[in-house]
Amino acid sequence: KPGWWKETVVYQIYPRSFRDSNGDGVGDLRGIIAKLDYLQDLGVGTVWLNPIYASPNDDNGYDISDYRRIMPEFGTMQDFDALLNGLHQRNIKLVMDLVVNHSSDEHEWFKQARSYRTNPYRDYYHWWPAEKGKPTPRWSFFDVNSDAWKYDSLTNSYYLHYFSRKQPDLNWENPKLRQEVYKMMRFWLDKGIDGFRLDAFQFAAKDTTFPVLPAGYEKNIIKYYGHGPHLHDYLQEMNREVLSKYNVMTVAEGAGSGPADAMLFVDPARKELNMAYHFEGVDLGLGPKGFQLAEFKRLYTRWDSAFAQKGWLSIFLGNHDQPRMVSKFGDDRPAFRAPSAKLLNTFILTMRGTPYCYNGDELGMSNIRFDKIEDYRDVATRNGYQQVKNQGGNLSAFLATAKRFARDNGRTPFQWDTTRNAGFTTGTPWLKINPNYRDVNAAAQDQDPNSVLNHFRRATAVRQEHPVLVHGRYQLLDAANPHIYAYTRTEGQNKALVVLNFSSEPRSWLLPAGLQLSGAPWLNNYPTFTPAATLALEPWQALVLPLR
Ligand code: TEU
Ligand code: CA
């Protein structure tokens, strides 16, 4: 069915941390296969897998050394085929990560490219010959020195890497590179996968004259580092040559600097991608003021109205690059962890746009909050720490920030049950397991009708039953209220009201004039509900109510 990607619920699996089948401490494809029934019971329609390709794992698979092979730690191509088959048998689609802003420095292309200047693969990457002097400065997200140019003595040149030095950027201006990528995409699509998530693609198109950047450029890094003049030509070419031949979904990670930029990726008339995700929502929690609900509401409302007529968004509050959503947007203290996690899942599953649910968030998994740098595995955190150390900076301030925001907070192994290592592995887990697994785990929540997990299952079912929650017009109510996020969804005669108490205190909320409740709640994260002109809301109560 064309447009199926609007109605699906995407569940993101971080394979390294999902389930280890062979005791080496690393999650793998057989581990996912063992949990297919769990996925089916979640009621999700699509699984998005973080990269599972061959990789030296400098950045956990985002540094790919062979795009057509499975990372041996994760399994074999046979395992992959079995996984794809098992998902399809359960009517679940599979979306893969497409990481083509950069490859690994151990990819054959890069090995060739760096070997001598006239090598046919040289132009697959960006080089700056040292006889031209130092390259114009470019900053790297992950490098210890923050320098995106790495000197390579073999050819007396620098190569560009926006991410780690083991992730050299590919040169999209080279049509040969583009054709190689398209061929590789066809390889996976012909196996029957159902789409791609385009990693960091906005950075793929660069101004390759590498001009000196104006002062203050850091405030708009996407514009100056990515979003090059040919970005949309590449996407239209990719669509024409590959995507248009398959009934698949595509989503861009990052979409420029605001709704107008994002629309360029997903306006159906332009024939590029289906949807994009912006980071404004998840970045909000990072500001000095922390999380402000009124701003959060304004932001989501602004994005919704920009896409009211055409285009499509994705809705998410967590992923493998973020701390846990319940720790950032909810309240992960024991008394409020479950209700606030349920509320956040209710939000994701009742907004207009395709919901992306990150594995573990259906249980309300929370930040681990490491004390020591040795506990971290993420290249971003480790190199960031090393840099502060080299500069004689404030290491305890760095660690305090990492505790709240480091990516490893969202990457700790999945908590299956109360057995050793939370049932994730019989060996030593690659990253420490959150000790709260004794209370927070799938097995216990499966048995408890009031668990976060069972609320999540009800929420996916409700979205499935009520298309108004997928397609209906969104309208914000009571915009200025600093504690309550309330909105309606309307499609023809069908109308629903969503009321979310984003606070750890009871609140009352006056139903706006003209709204008439009609029957029992579709969703409620507390056992009781009394219809009244003024609703009495428990801490973090989340209600989805049918309206007349
Ligand atoms: O993330 C891209 C990424 O890091 C952006 O979020 C970037 O930091 C942001 O746009 C800056 O404003 C993807 C993956 O999700 C991540 O795990 C990888 O580490 C990264 O690409 C490199 O492949
Ligand atoms: Ca394993």
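No lab work stands behind these numbers, since they all come straight from the coordinates. All values derive from a computational prediction rather than experimental measurement. Please note: Cβ atoms are built from the backbone with ideal geometry, for glycine as well, and neighbour counts cover all protein chains shown.
Need one word for region 452-501: rounded, prolate or oblate. Basis is the Cα gyration tensor (sqrt eigenvalues a ≥ b ≥ c); a/c below 1.5 gives rounded, then a/b vs b/c decides. Oblate shape, in that a/c is at least 1.5 and b/c is the bigger or equal ratio.
What size of dipole, in debye to the nearest 20, comes out for region 70-227 about its Cα centre when the only charges are +1 on Lys and Arg C-beta atoms and -1 on Asp and Glu C-beta atoms? Working shown, then result.
Values: 21 positive and 20 negative charges, 74 e Å.
Result for region 70-227 is approximately 360 debye, rounded to the nearest 20.
Which lysines, on any chain, are close to residue 310 with Cα under 20 Å apart, when same-chain ones fewer than 8 places away are left out? Residue 310 reaches 1, 6, 271.
Computed packing ranks the peptides 258-266, 493-501 as 493-501, 258-266, most packed first, by mean other Cβ atoms within 10 Å. Straight-line cross-link partners of residue 342 among the aspartates and glutamates, defined as a Cα under 12 Å from its Cα and at least 8 positions apart when in the same chain: 331, 332, 361, 362.
Under a point-charge model restricted to the Cβ atoms of Lys and Arg (+1) and Asp and Glu (-1), what is the dipole moment magnitude of region 380-500 relative to its Cα centre, in debye to the nearest 20?
Values: 15 positive and 8 negative charges, 94 e Å.
In total the dipole reaches around 460 debye.
Would you mind counting up the charge near residue 350? Only other residues with Cβ under 10 Å from its Cβ, with Lys and Arg at +1 and Asp and Glu at -1.
Working: positive: 352, 463, 489; negative: none.
Computed value for this residue: +3.
Couplings for region 408-417, taken from phi via the Karplus curve 6.51 cos²θ - 1.76 cosθ + 1.60 with θ = phi - 60°, read 4, 4, x, 10, 5, x, 4, 9, 7, 7 Hz in order; Gly and Pro are left as x.
A Cβ-based charge dipole, computed about the Cα centre of the chain with Lys and Arg at +1 and Asp and Glu at -1, lands at about 680 debye. Between the listed residues 329, 296, 70, the Cα displaced farthest toward the positive end of the dipole of the chain, a dipole computed from Cβ unit charges relative to the Cα centre, is found at 296. Dimensions of region 1-141 based on its C-alpha atoms, expressed as ranges along the principal axes with the largest first, amount to 61, 39, 27 Å. Remark: for residue pairs 219/403; 93/495; 289/328, the C-alpha separation exceeds 19 Å in 219/403; 93/495.
Region 495-548 and region 155-193 have Cα centres separated by 50 Å. Once backbone amide H atoms are built at 1.01 Å from N, residue 157 has 130, 152 as its partners under 5 Å, excluding neighbours fewer than 5 places away on the same chain.
Dipole orientation for the chain: of the candidates 363, 29, 503, 503 has the Cα lying most toward the positive pole (charges on Cβ; Lys, Arg +1; Asp, Glu -1).
Taken one residue at a time, the phi angles of region 156-168 give Karplus couplings (6.51, -1.76, 1.60, θ = phi - 60°) of 6, 9, 9, 10, 8, 9, 5, 9, 6, 5, 8, 10, x Hz. Gly and Pro are set to x.
Taking amide hydrogens as placed 1.01 Å from N in the peptide plane, the amide H of residue 47 sits under 5 Å from those of 11, 93, 94, 95, each at least 5 positions away in sequence or on another chain. Between amide H atoms placed 1.01 Å from N, distances below 5 Å from residue 537 occur with 507, 508, 509, all of them 5 or more places distant or on a separate chain. Here the alpha carbons of the chain define both size measures, Rg and Dmax, at 23.4, 77 Å.
What value does region 305-412 have for Rg/Rh, both radii from Cα atoms and Rh as Kirkwood defines it? Could you put the intermediate results ahead of the total?
Numbers: Rg = 16.5 Å, Rh = 15.3 Å.
On the Cα set of region 305-412, Rg over Rh gives 1.08.
Separation of the alpha carbons by more than 25 angstrom is noted, of 150/389; 150/372; 132/206, for 150/372. Count Lys and Arg as plus one, Asp and Glu as minus one, and take only other residues whose Cβ is under 11 Å from that of residue 458; the net charge is then +2.
Under the 0.36 nm per residue contour assumption, what length would be gained going from the current alpha-carbon distance of residue 232 and residue 289 to full extension? Don't skip to the end; give the middle numbers.
Numbers: separation 57, 0.36 × 57 = 20.52 nm, distance 3.59 nm.
That pair, residue 232 and residue 289, stretches by 16.9 nm at full extension.
Quick one: Cα convex hull volume of region 81-239, Å³ per residue? Intermediate values should be presented prior to the final figure.
Details: hull volume 22.0 nm³, N = 159.
Taking the convex hull of the Cα positions in region 81-239, it is 138 Å³ per residue.
Each residue of region 30-35 was assigned a 3J(HN,Hα) from its phi angle through the Karplus expression (A = 6.51, B = -1.76, C = 1.60, θ = phi - 60°), giving 4, x, 5, 4, 5, 10 Hz with x at Gly and Pro.
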